[in-house]
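Below: the structure, in structure tokens.
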Amino acid sequence: MADGDQELAVSIESLATQQGVAIPAEVAARIGAAAVAGSVAGDIWDGITKGEATGWAGFAAADTSISW
């Protein structure tokens, strides 16, 4: 996660869970927070660049970018 690869962190967490490997609660919380932040950032980017939104953040970004 230090390199900003939230998708990899989520994949590793999922694999660990499937294999019965316990993930410390603090690490799981960080992965969850990073995944949410990453999805919001991605939604905003898509709103700005494509005019497409999957959530409120992307809709606001799309609306703002069109207004300019």
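Compute the relative contact order of the chain as a whole-number percentage, counting only Cα pairs closer than 8 Å that sit 6 or more residues apart in sequence.
Computed value for the chain: 21 percent relative contact order.
Between 0 and 90 degrees, the angle of helix 56-67 with respect to the longest Cα principal axis of the chain falls at about 30 degrees. Only one item in [x] 1.10; [y] 1.16; [z] 0.98 matches Rg/Rh (Cα atoms, Kirkwood Rh) derived from the coordinates shown, and that item is [y]. The angle between the Cα long axis of helix 25-50 and the longest principal axis of the Cα atoms of the chain comes to about 20 degrees, rounded to the nearest 10. For the chain, the longest principal axis of the Cα atoms and the long axis of helix 6-18 meet at an angle of about 40 degrees. Charged side chains reduced to their Cβ positions (Lys and Arg at +1, Asp and Glu at -1) give the chain a dipole of some 80 debye around its Cα centre.
Read the figures in this text as sums done on the coordinates, not as results from a lab. Everything quoted here is computed from the prediction, not taken from an experiment. No Cβ is skipped: glycine too gets one built from the backbone with ideal geometry, and neighbour counts run over all protein chains shown.
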